[in-house]
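Shown next, in structure tokens, is the structure this report addresses.
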């Protein structure tokens, strides 16, 4: 993905934190031959995703009358092998989902009220998956992004190789980790509900910005996706921009600052469209490259604040860690501008940018039958960040695994003051 694609997924709000994730590339042929995906049946994978989602409802206090396993969408790699499953749960007419990753034996991401995203995947002829935030679809022989943009098959295969490379680096950390199998094996289904006799979640820690609920619903806020912003800009200025994850993310950050944080001049002319145009200008978006995007982004935050008549606070975390995110969200009460990318021989290559609105950590403890009638205890720690990704307009919440295959994270934190 070009750097312009990255900027399609960035959001600006109070203090934004930018995460850049990097990893090393291994030879493609060696990677393809050295990795075998987890041997798990579709039924077990569906059970894992379904039980994971039901436990999320319990943790968050999400009330519902009926939550049923609706269906699942198979996820493929670039060689047409099944690499995972998107498990879809219908909760009183809303589409929630969990992505079960066979490569990492992990729940990579999940979301609530994600009807548009889920329906797009359901309707696609075939969905390809190259790790968190990297999706594509194949339609009539053409490879496209989920939002319909044409993709280069060679570039997507490179992402697939990066995914395998990152998984290779991450595998040693997963020693003793049962991943998706744990969620599939310990679930007791009693009248359609998740039984907690042999499974529990504890030490759950939630940290969200004001106005963002742990139930997954943002109050008095509506975030935007890039397509309507791109269409408006191209129609007004006669351009053909796309992949504007960066400006879109910054716009969404400003929406948060204006509507929730009390900075009532956070949007230009109180207009999302005019704010988007300013972000395109201040980021020098037309001239973004893998080498200059960091400096352009920092400069854009500063210049935009000055234009709107505010001072600002800005922190840079080129190697961002969990505690940096926690500090910004919990202590400083500011949003984070995050990017995810990889390192190649030619330098940094950035895939996507998002806004982080909160984070959470929890431990899943469960028991399985052991020897001599004993119960073996298992304990897995999960860390997820809640994002607005600029692709879809769902306000209820999308969560991605912070400890996924990306090995480097960088961030820029920004807020008005």
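No lab work stands behind these numbers, since they all come straight from the coordinates. Quick caveat: nothing in here was measured; it's all calculated off a predicted structure. As a convention, Cβ positions derive from the backbone with ideal geometry for all residues, glycine included, and neighbour counts pool all protein chains shown.
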Protection proxy ranking, peptides 370-379, 41-50, average beta carbon neighbours within 10 Å, highest first
41-50, 370-379
Taking 288-299, 355-366 and ranking on average Cβ neighbours within 10 Å, highest first, one gets 355-366, 288-299
Could you give the distance between the Cα centres of segment 134-157 and segment 314-338, to the whole Å?
32 Å
Highest first, please rank the peptides 260-267, 155-162, 248-255, 82-89 by the mean number of other Cβ atoms sitting within 10 Å of their residues.
248-255, 82-89, 155-162, 260-267
For segment 211-285, averaging the sequence separation of alpha carbon pairs under 8 Å that lie six or more residues apart and dividing by its residue count, the contact order in percent is 27 percent
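Taking a ≥ b ≥ c as the square roots of the Cα gyration tensor eigenvalues, with a/c under 1.5 meaning rounded and otherwise prolate when a/b beats b/c, else oblate, which class fits segment 193-331? Mind dumping the intermediate values first?
Values: a/c = 1.86, a/b = 1.71, b/c = 1.08.
Prolate is the answer for segment 193-331, as a/c is 1.5 or above and a/b outweighs b/c.
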